[in-house]
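Colleague: Here's a structure for you.
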Amino acid sequence: MKLIRNTILIAYILIANLSWAQSKKIWVSGAARAVMYGDDYNTNAENDTTTARKLQSGHALVDLGVNIQPNDKILIQGMVRIRNDYGGFWGSGVTFDVRQLYIKGILGGFLKYQLGDINYKLTDYTFKNNVGLINKYGGVLTTVPLEQVQYDLFYMNDNTWRQQGAAIDFALQFDEVIEEAEFNLFTSRVRAAGNGQDDRLYSGGSITLVQSERLKIGGNFANLYDYAGTSNNTIYLKNPVYTGVAEYNRKVKNTHLMAALETGVSKLEWQGDEAAPVLKDYFYDVNLKAAWVKTGISVTAGYRDVGPNFRSAGAQTMQVNYQRAPRAYQRYGNDQNVRAITMMDMYRDASLYQTQIVAGLMTYDPRYDNATPYGRATPNRKGFNVLFDYEDTDGRWNVGVDAELLTDVVGQGTTTLKNYNTGSVFAELRLNKLFNWEERKVWISGRYGMQDTKRSGEQAYEEIDLATRFQDLNLTATLFGDLELIAQYRIWQTKGDELVAERNSYSEVIDYSEYSIDYNESILGAGLQYGFTEKTNLRFMWQTFAWEDQQFAAKTDSEAAVGSMPYNINTWTLFFTMKF
Amino acid sequence: MIVMMKKIIILFTISLLIISCERKTETLGPNLSDIYGGFQVFEDFEASRNNVDFYNSESVVFTCRFSKQVKWTIHVIGQTSGAKKVLTGFSNFIDETNGGAWDGTTTMLPMFKNEANLAYLTVDAIDTAYSDTLNNLISIDGVRDNGGSLVSDFNNGLNPGFNVFVQSGADMRFDTVTDPKSPEGTAFYEMSGDVAFADDLGNIMMPKSAFTDSISLNTNGEVVYFNVFAKKGPQAVSDIFVFQFIEEDNDIHEYVFQGLTEEWQQFSIAYADLTTTITAGGGFKNPDKLAQIVVLPIGIKLPFEGFIDYMVFTENGPLIP
């Protein structure tokens, strides 16, 4: 078996290399990286005699994509990943996987199509890969491993979800009334039939009517559904979402004005299941934006209302699956409790992330976003959002403020509504530009953020008060040549009490779990970064991660203490990344 | 600029139209007050009447109001018969709309008789153990009409025309037993003994002409139900009764039940579900062709103590005692 695998691999590389040399219609692209982690665990909470103090891990991998373009209308890519975990030798520990396969092209000169792996998104309320609050604001140190996690999971900057299926795009042009009508359609399979379950498909599309460069209106449709007949199952999930969008742009002197609206309805049902509810609701989201080109200032303000029963699988699936456990130090302490997910894990553990959209509402962790865990499409929220951004036209600084002032649409267990206030201020100073240090890059940036969840009430048991604070400080400074010093300090704190809704399999609230926490976690680290080229970097970093729950001592003997024992992990990392 | 403003106004008009859409405004999930709120009784436990005539379709409505939703249970105990009715619910009030009405039916045999009844309420919540008993007993002036066609209730002994055959075993007791705790009325019938040489202890043959009610059964066996109350005594080793339904064409269908306990139980079966054992007339189940019923207590050569009462045919469902 190993011989066959190696033969295929060698043949693959030979074809790729020969092709590279012989013809530009076949070429190789991809990426490579080598990563080494050295973790040093420590705790003062107990005389932990069980957990390994030091762990080393790492891997080297290369993604080889063969691009075949037999003519100017077809492109085929097949990419394989060869990975050797740290310590692997002569095939032991080596894995050989197909990373992606797709065929795309143009049919009839106007119809674009793609088969196989596709990256797709529609709108905030239909189909979008939302980045959670914890990963929204990157730092110079934490972004390095996080980018690799995102690369592995096909989380793109354009917020698409990786799907396996087919997509077509085409546009029709008109002489009157509207300039163009754009059509985008896709279908994918998110679950294969088996174990008494049907194939689950996700299909949808959009139509955009471009009246002029100023006005666009359109409609979007997305539906997660069971394909009846692919198993003996008699219950069929259906979750269609229909939205309408309108966007108006206008430039008045040096001011760009934009007004945008998205509104729609959703329905989630389980046909054939008499006990299942039919959840129907609507939303609307209005935003106004003004950008002054000469000053670099832009302001966006909006209001939205998302109903409590609004369900949109493609928009509400979270990236992080909080029901999973981290791979590094999964169990720790003398009781070998499962260690809670931390931000350190989220920056480097791809196994915590979701690769496929799911129906209903996933479990979320109030520490990392209690206000909008499912993005803008989080159900049962209404309120205002504001974004202010000031980017110096000479690139010397960038400052910004964002805020969301939301409330429940309907109360949970009481008529009193919760208030969710989220906001952050951000500043980045490019000192080299401020002081004309032409040969050196010296950037410092920082963000302070907060999120408060509050509910008052006539009864004490109605009161909720949960506060999250986060801070991030970053430094990037050129030492000499292409060698840079990078440093980051990030802290995340949550304190207070909340009643977290427990939902049944139909995503209805059936109970509440009492959530009480007073914790903080922080990462402090620094490293050296050498850029061979724009796409090739070598980084050596050291960081110390600390996690502490102030309530741990008080709840040592309770179930609530599971996974909350304080600890530190010091980590050195060697990161080589390359794209070609 | 004016055109732009018009378009913005259109966008906001659309938004306002959507805002005006209707949406259910009920709170999500269980009420917090039901989980975390303190328990208080806002209105005491009461009954709508102290005397009730169930025969004339009267009922008793129990009422009470609490500060939170709780699991409540009302117990009504017949002071003579020991009959018991249990009403339950999960709510913050009790009335006729949510299970607080009693129509004279029973939950645990025996059935209620013309007697005085004690009623009390219990509440079961996480932090609450509450109970309240009505000061006055509720007197039943007329028992409920159960409907159906009566084969026999043994209140006046064996019906004239019933024929009893008793094997010559030891301590054979085939007789009417008078007891105020009888599941219905004041008497039931005992079939006990120890027969070492045969499976059955004997039998009672009950010709249709000797049934208490003059019966004309529906031709559809799916809707005709046969019901009987039965129990066993402490000395019984076996716990089987066989009821044979012999039709005019000599087809014989059987209802065999076992699993008797020392508490009265109701056994009911649709005529169509009887097991045909002899197909002399073609084996069709024709309730209207019923000629006689034969009851056989089965000891299987072991001591047996069996009791039966209130054999009745009902239509469209089993008897509701």
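The values are calculated or read from the model by the stated rules, or taken from the named source; none is laboratory data. Keep in mind it's a predicted model, so treat the numbers as computed, not measured. Note: ideal-geometry Cβ built from the backbone for every residue, glycine included; neighbour counts use all protein chains shown.
Colleague: Which residue, of A:Asn385, A:Asn370, A:Asn398, is closer than 30 Å to A:Pro277 by Cα and either in contact with a strand residue (DSSP E or B) (Cβ under 7 Å, 6 or more places away or on another chain) or basic (Lys, Arg) (or both)? Give the derivation first.
Modeller: Working: A:Asn385 fails: closer than 30 Å to A:Pro277 by Cα; A:Asn398 fails: closer than 30 Å to A:Pro277 by Cα.
Only one candidate qualifies: A:Asn370.
Colleague: Is it true that some residue in the stretch B:1-21 is modelled with pLDDT of 90 or more and assigned to a loop (DSSP other than H, G, I, E, B)?
Modeller: Restricting attention to the stretch B:1-21, the residues satisfying the condition of being modelled with pLDDT of 90 or more are none.
Scanning the stretch B:1-21 turns up no residue that is modelled with pLDDT of 90 or more and assigned to a loop (DSSP other than H, G, I, E, B).
Colleague: State the number of residues belonging to the stretch A:452-507 that are acidic (Asp, Glu), within 14 Å of chain B (Cβ to nearest Cβ) and crowded, with 16+ Cβ neighbours inside 10 Å. So that I can check it myself, show each step before the final result.
Modeller: Restricting attention to the stretch A:452-507, the residues satisfying the condition of being acidic (Asp, Glu) are A:452, A:458, A:462-463, A:465, A:472, A:482, A:484, A:497-498, A:502.
From what's left, within 14 Å of chain B (Cβ to nearest Cβ): A:458, A:462-463, A:497-498, A:502.
Pick out the ones that are also crowded, with 16+ Cβ neighbours inside 10 Å and you get A:462, A:498.
Residues that pass the stated criteria total 2.
Colleague: From the residues in the stretch B:50-69 that are surrounded by fewer than 19 Cβ atoms within 10 Å (Cβ to Cβ) and among the β-branched types (Val, Ile, Thr), which one is nearest to B:Thr128 (Cα to Cα)?
Modeller: So, considering only residues that are surrounded by fewer than 19 Cβ atoms within 10 Å (Cβ to Cβ) and among the β-branched types (Val, Ile, Thr), the one nearest to B:Thr128 (Cα to Cα) is B:Thr63.
Colleague: Can you name the condition, by its number, that A:Ile68 falls short on among (1) of a type outside the set (Lys, Arg); (2) closer than 30 Å to A:Met565 by Cβ; (3) assigned to a strand (DSSP E or B)?
Modeller: Exception for A:Ile68: condition (2).
Colleague: For A:Tyr515, indicate whether it is aromatic (Phe, Trp, Tyr), touching a strand residue (DSSP E or B) at 6+ places or on another chain (Cβ under 6 Å) and at pLDDT 95 or above.
Modeller: Details: aromatic (Phe, Trp, Tyr): yes; touching a strand residue (DSSP E or B) at 6+ places or on another chain (Cβ under 6 Å): yes; at pLDDT 95 or above: no.
So A:Tyr515 fails the test.
Colleague: OK, next. Specify which of the listed residues (A:Leu475, A:Leu524) is modelled with pLDDT of 90 or more, in a strand (DSSP E or B) and in contact with a Leu (Cβ under 8 Å, 6 or more places away or on another chain).
Modeller: Numbers: A:Leu524 fails: in contact with a Leu (Cβ under 8 Å, 6 or more places away or on another chain).
A:Leu475 is the lone residue from the list that is modelled with pLDDT of 90 or more, in a strand (DSSP E or B) and in contact with a Leu (Cβ under 8 Å, 6 or more places away or on another chain).
Colleague: Continuing with the same structure: Scan the stretch A:373-396 for residues that are touching a Gly at 6+ places or on another chain (Cβ under 9 Å), at pLDDT 95 or above and part of a loop (DSSP other than H, G, I, E, B) and jot them down.
Modeller: Correct list: A:Pro373, A:Pro379, A:Asn380.
Colleague: If we only count strands (runs of 3 or more DSSP E) wholly inside the stretch A:196-296, which ones have 3 or more residues that are under 21 Å from A:Phe183 (Cβ atoms)?
Modeller: Working: elements: A:199-210, A:215-227, A:236-252, A:255-271, A:279-292.
The qualifying strands (runs of 3 or more DSSP E) are A:199-210, A:215-227, A:236-252, A:255-271.
Colleague: Taking the options A:Asp39, A:Asp124, name whichever one is in contact (Cβ under 8 Å) with a residue 40 or more places away in the chain, among the acidic types (Asp, Glu), in a loop (DSSP other than H, G, I, E, B) and crowded, with 19+ Cβ neighbours inside 10 Å.
Modeller: Working: A:Asp39 fails: in a loop (DSSP other than H, G, I, E, B).
Answer to the check: A:Asp124.
Colleague: Next question. Report yes if B:Arg49 is in a loop (DSSP other than H, G, I, E, B), more than 14 Å from chain A (Cβ to nearest Cβ), closer than 29 Å to B:Ser139 by Cβ and at pLDDT 90 or above, otherwise no. Steps first, answer last, please.
Modeller: Details: in a loop (DSSP other than H, G, I, E, B): yes; more than 14 Å from chain A (Cβ to nearest Cβ): yes; closer than 29 Å to B:Ser139 by Cβ: yes; at pLDDT 90 or above: yes.
Against the criterion (in a loop (DSSP other than H, G, I, E, B), more than 14 Å from chain A (Cβ to nearest Cβ), closer than 29 Å to B:Ser139 by Cβ and at pLDDT 90 or above), B:Arg49 qualifies.
Colleague: Then there's this: Can you give me the number of residues within the stretch A:199-224 that are within 28 Å of the chain's Cα centre (by Cα) and acidic (Asp, Glu)?
Modeller: Within the stretch A:199-224, residues that are within 28 Å of the chain's Cα centre (by Cα) and acidic (Asp, Glu) number 1.
Colleague: Continuing with the same structure: Hey, can you tell me all the residues within the stretch B:260-304 that are of a type in the set (D, E, K, R) and either surrounded by fewer than 20 Cβ atoms within 10 Å (Cβ to Cβ) or farther than 22 Å from B:Val151 by Cβ (or both)?
Modeller: First pass over the stretch B:260-304, keeping only residues of a type in the set (D, E, K, R): B:262-263, B:273, B:285, B:288-289, B:301.
Result: B:Glu262, B:Glu263, B:Asp273, B:Asp288, B:Lys289, B:Lys301.
Colleague: Out of curiosity, is A:Ala301 surrounded by fewer than 16 Cβ atoms within 10 Å (Cβ to Cβ), part of a strand (DSSP E or B), within 14 Å of another protein chain (Cβ to nearest Cβ) and touching a strand residue (DSSP E or B) at 6+ places or on another chain (Cβ under 8 Å)? Steps first, please.
Modeller: Working: surrounded by fewer than 16 Cβ atoms within 10 Å (Cβ to Cβ): yes; part of a strand (DSSP E or B): yes; within 14 Å of another protein chain (Cβ to nearest Cβ): yes; touching a strand residue (DSSP E or B) at 6+ places or on another chain (Cβ under 8 Å): yes.
Spelling it out, A:Ala301 is indeed surrounded by fewer than 16 Cβ atoms within 10 Å (Cβ to Cβ), part of a strand (DSSP E or B), within 14 Å of another protein chain (Cβ to nearest Cβ) and touching a strand residue (DSSP E or B) at 6+ places or on another chain (Cβ under 8 Å).
Colleague: Considering every residue within the stretch B:280-293, establish whether at least one is in contact with a helix residue (DSSP H, G or I) (Cβ under 7 Å, 6 or more places away or on another chain) and aliphatic (A, V, I, L, M).
Modeller: The initial filter retains those residues of the stretch B:280-293 that are in contact with a helix residue (DSSP H, G or I) (Cβ under 7 Å, 6 or more places away or on another chain), namely B:285, B:287, B:290-292.
If we keep only those that are aliphatic (A, V, I, L, M) as well, we get B:290-291.
Yes, the stretch B:280-293 has at least one match.
Colleague: Considering only residues that are closer than 22 Å to A:Arg503 by Cβ, over 24 Å from the mean Cα position of the chain (by Cα) and either within 10 Å of another protein chain (Cβ to nearest Cβ) or among the polar types (S, T, N, Q) (or both), which ones fall in the stretch A:250-288?
Modeller: Residues satisfying the conditions are A:Val265, A:Gln271, A:Lys280, A:Asp281, A:Tyr282.
Colleague: Would you confirm whether any residue within the stretch A:307-322 is more than 12 Å from every other protein chain (Cβ to nearest Cβ), of a type in the set (D, E, K, R), part of a loop (DSSP other than H, G, I, E, B) and closer than 18 Å to A:Ser507 by Cα?
Modeller: Quick first cut of the stretch A:307-322, residues more than 12 Å from every other protein chain (Cβ to nearest Cβ) only: A:311-322.
From the residues that got through so far, the ones that are of a type in the set (D, E, K, R) too are A:311.
Narrowing the set further to residues that are part of a loop (DSSP other than H, G, I, E, B) leaves A:311.
From what is left, the residues that are closer than 18 Å to A:Ser507 by Cα are A:311.
Yes.
Colleague: Additional query: Pull out all pairs, ordered by first then second residue, where Cβ-Cβ is under 8 Å, the residues are six or more apart or on different chains, the first lies in the stretch A:136-159 and is on the phi > 0 side of the Ramachandran plot, and the second is in a helix (DSSP H, G or I).
Modeller: Close Cβ pairs (under 8 Å, with a partner that is in a helix (DSSP H, G or I)) do not exist here.
Colleague: Taking the condition without any contact (Cβ under 8 Å) to a residue 60 or more places away in the chain and either within 14 Å of another protein chain (Cβ to nearest Cβ) or not in a strand (DSSP E or B) (or both), does B:Phe39 pass?
Modeller: Numbers: without any contact (Cβ under 8 Å) to a residue 60 or more places away in the chain: no; either within 14 Å of another protein chain (Cβ to nearest Cβ) or not in a strand (DSSP E or B) (or both): yes.
The answer is no for B:Phe39.
Rundown of residues vs (1) under 30 Å from A:Arg200 (Cα atoms); (2) modelled with pLDDT of 90 or more; (3) of a type in the set (Asp, Glu), yes/no style:
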site: A:Ile297; (1), (2), (3): no, yes, no
site: A:Thr300; (1), (2), (3): no, yes, no
site: A:Tyr303; (1), (2), (3): no, yes, no
site: A:Asn309; (1), (2), (3): yes, yes, no
site: A:Gln323; (1), (2), (3): yes, yes, no
site: A:Gln330; (1), (2), (3): no, yes, no
site: A:Gln336; (1), (2), (3): no, no, no
site: A:Gln354; (1), (2), (3): yes, yes, no
site: A:Ile357; (1), (2), (3): yes, yes, no
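Colleague: Among the listed residues A:Thr453, A:Thr422, A:Thr468, identify the single one that is within 25 Å of A:Val144 (Cβ to Cβ), part of a strand (DSSP E or B) and touching a residue at least 24 places away in the same chain (Cβ under 8 Å).
Modeller: None of the other options fit; the residue is A:Thr468.
Colleague: Quick check on my filter: what residues within the stretch A:514-534 are farther than 30 Å from A:Gln488 by Cα and more than 11 Å from every other protein chain (Cβ to nearest Cβ)?
Modeller: As a first pass, look at the stretch A:514-534 and keep what is farther than 30 Å from A:Gln488 by Cα: A:514-515.
Within the stretch A:514-534, just A:Tyr515 meets the criteria.
Colleague: Related question: I'd like to know if the stretch B:145-152 contains one or more residues that are at pLDDT below 90, part of a loop (DSSP other than H, G, I, E, B), on the phi < 0 side of the Ramachandran plot and surrounded by 15 or more Cβ atoms within 10 Å (Cβ to Cβ).
Modeller: Yes, the stretch B:145-152 contains at least one residue that is at pLDDT below 90, part of a loop (DSSP other than H, G, I, E, B), on the phi < 0 side of the Ramachandran plot and surrounded by 15 or more Cβ atoms within 10 Å (Cβ to Cβ).
Colleague: Could you tell me how many of the residues in the stretch B:174-210 are within 23 Å of B:Gln292 (Cα to Cα), modelled with pLDDT of 90 or more and assigned to a strand (DSSP E or B)?
Modeller: 15
Colleague: Within the stretch A:334-344, identify whether any single residue is of a type outside the set (Asp, Glu), within 14 Å of chain B (Cβ to nearest Cβ) and over 21 Å from the mean Cα position of the chain (by Cα), and answer yes or no. Spell out the reasoning first.
Modeller: First, pick out the residues of the stretch A:334-344 that are of a type outside the set (Asp, Glu): A:334, A:336-344.
Add one more test, that the residue is within 14 Å of chain B (Cβ to nearest Cβ), and what stays is none.
No.
Colleague: Please give the number of the condition B:Glu254 fails out of (1) surrounded by fewer than 14 Cβ atoms within 10 Å (Cβ to Cβ); (2) acidic (Asp, Glu); (3) not in a loop (DSSP other than H, G, I, E, B).
Modeller: Unmet condition: (1).
Colleague: Residues in the stretch A:151-161: is at least one assigned to a helix (DSSP H, G or I), out of contact with any Lys or Arg (no Cβ under 6 Å at 6 or more places or on another chain) and not aromatic (Phe, Trp, Tyr)? Outline the logic, then answer.
Modeller: Filtering the stretch A:151-161 for residues assigned to a helix (DSSP H, G or I) gives A:151-153.
In the following step, the residues that additionally are out of contact with any Lys or Arg (no Cβ under 6 Å at 6 or more places or on another chain) were identified as A:151-153.
Keeping just the survivors that are not aromatic (Phe, Trp, Tyr) gives A:152-153.
Yes.
Colleague: Another one. Within the stretch B:76-107, how many residues are under 23 Å from B:Asp179 (Cα atoms) and assigned to a strand (DSSP E or B)? Give the derivation first.
Modeller: Taking the stretch B:76-107 and keeping what is under 23 Å from B:Asp179 (Cα atoms), we get B:76-85, B:104-107.
Those left that are additionally assigned to a strand (DSSP E or B): B:76-78, B:84-85.
Counting residues in the stretch B:76-107 that are under 23 Å from B:Asp179 (Cα atoms) and assigned to a strand (DSSP E or B) gives 5.
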